[in-house]
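> First the structure, then my questions, so here it is.
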Amino acid sequence: MFMLKKKIRLTAKLLDLIGIGKDRLHLAWVSSAEAQRFAQIATEVIGSIKDKGKLDARAFELELEAALMTVSAETLRWLVSKELKIIAKGDVYGRKWDAASYESIIDSVLEREYHKNLIYLSIQRGNESVRKISAQTGLELKKVSYLLADLEKTNRVAFNAMEDHKPVFSAL
């Protein structure tokens, strides 16, 4: 149950990062004996979706692909899998972690990895300069530059050349 709640919380956080909004995620536990409750929940979900309007998945194609890459990567999965152990027994240095502090770390890693994947995909789609990447992703120039350096260190992107005094990158 803990892992399911964690996955739901991270999914909601990711939906907010993408720009879709966590309010589009509806989950409810309903038993087969609760037909009336099921009907009520279904009516509420339908009303909520009608209020928000149809989601244009094409408009979020880049963001959704970056989100999928993020949740499929080892870093986030490892952090989530170790949470209970680290909160209960402490880390390798014997330090105890409270749940809120550990969740804060997971949230920041989720955001950072998502943004790095967004930048990587933007470069793959032909946006080679920091300004073009920033324009497509909506990330600040400073953040794009900072994360590009990290992507270079991990051999996911490469600096190619300078064009008109601007660095040009490619995805590896």
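> How high is the FRET efficiency between I87 and L27 when r is their beta carbon distance and R₀ equals 22 Å, given to the nearest 0.05? Write out the running numbers ahead of the final one.
Details: r = 24 Å, r/R0 = 1.08.
Result of the calculation: an efficiency of 0.40.
> Using θ = phi - 60° and the Karplus form 6.51 cos²θ - 1.76 cosθ + 1.60, what ³J(HN,Hα) does each residue of region 109-119 get, whole Hz, x for Gly and Pro?
5, 4, 5, 5, 5, 4, 5, 5, 5, 4, 5
> Turning to a different aspect of this structure: When the Cα centres of region 1-55 and region 58-103 are compared, how far apart do they sit, in Å?
Cα centres, region 1-55 to region 58-103: 22 Å.
> Given a Förster distance of 41 angstrom, what is the FRET efficiency for F60 paired with E152, based on the Cβ-Cβ distance and rounded to 0.05? Mind showing how you got there, number by number?
On the way: r = 27 Å, r/R0 = 0.66.
The computed FRET efficiency comes out at 0.95.
> Determine the sum of side-chain charges near L118: Lys and Arg each +1, Asp and Glu each -1, restricted to other residues whose C-beta is under 10 angstrom from that of L118.
So the environment of L118 carries a net charge of -2.
> Right, here's the next one. Where does helix 61-72 land angle-wise versus the long Cα axis of the chain, in degrees 0 to 90, nearest 10?
It works out to around 80 degrees.
> In Å, what Rg and Dmax follow from the Cα atoms of region 16-60?
Reported Rg and Dmax, both Å: 13.1, 39.
> What whole-number value in cubic angstrom gives the convex hull volume per residue for the C-alpha atoms of region 14-114?
On the way: hull volume 14.4 nm³, N = 101.
Given the Cα convex hull of region 14-114, per-residue volume reads 143 Å³.
> If you place +1 on the Cβ of every Lys and Arg, -1 on the Cβ of every Asp and Glu, and leave all else neutral, what size is the dipole of region 50-139 about its Cα centre, to the nearest 20 Debye?
On the way: 15 positive and 14 negative charges, 7 e Å.
Computed about the Cα centre, the dipole is about 40 debye.
> Leaving out ligands and nucleic acids, and using a 1.4 Å probe, what accessible area per residue does region 1-114 come to in Å²?
Details: 7790 Å² over 114 residues.
It amounts to 68 Å² per residue over region 1-114.
> Under a Cβ-only charge scheme (Lys and Arg +1, Asp and Glu -1), can you give me the dipole magnitude of the chain about the Cα centre, in debye to the nearest 20? Walk me through the numbers on the way to the answer.
On the way: 28 positive and 23 negative charges, 78 e Å.
So the magnitude is around 380 debye.
> Specify the angular offset, from 0 to 90 degrees and rounded to the nearest 10, of the alpha carbon long axis of helix 35-52 from the longest principal axis of the alpha carbons in the chain.
Approximately 30 degrees, to the nearest ten.
> Let me ask another. Using only the Cα atoms, what convex hull volume per residue in Å³ does the chain have? Present the calculation step by step, with values, prior to reporting the outcome.
Values: hull volume 25.7 nm³, N = 172.
Cα-based convex hull of the chain, divided per residue, equals 149 Å³.
> Per the 1.4 Å probe, what fraction of the accessible area of the chain, in percent, lies on carbon and sulfur atoms? If you can, show how the numbers build up before the last one.
Numbers: 6210 of 11140 Å².
Using a 1.4 Å probe with all protein chains present, the chain comes out at 56 percent carbon and sulfur.
> If you line up the long axis of helix 141-153 against the longest principal axis of the chain, both from Cα atoms, how many degrees apart are they, to the nearest 10?
Tilt of helix 141-153: around 80 degrees.
> I've got another one for you. Pairs of Cα atoms under 8 Å, at least six residues apart: use those to get the relative contact order of region 72-172, whole percent. All intermediate terms of the calculation are to be shown ahead of the outcome.
Working: 87 pairs, mean separation 19.4, N = 101.
Averaging sequence separation for qualifying contacts and normalising by length gives 19 percent for region 72-172.
The values are calculated or read from the model by the stated rules, or taken from the named source; none is laboratory data. Here the structure is a predicted model, which is why all the values come from computation and not from measurement. Cβ coordinates were reconstructed from backbone atoms using ideal geometry, including for glycine residues, and neighbour counts include every protein chain displayed. Remember, those area values only see protein heavy atoms, side chains included, never the ligands or the DNA or RNA. Shrake-Rupley method; radii C 1.70, N 1.55, O 1.52, S 1.80 Å.
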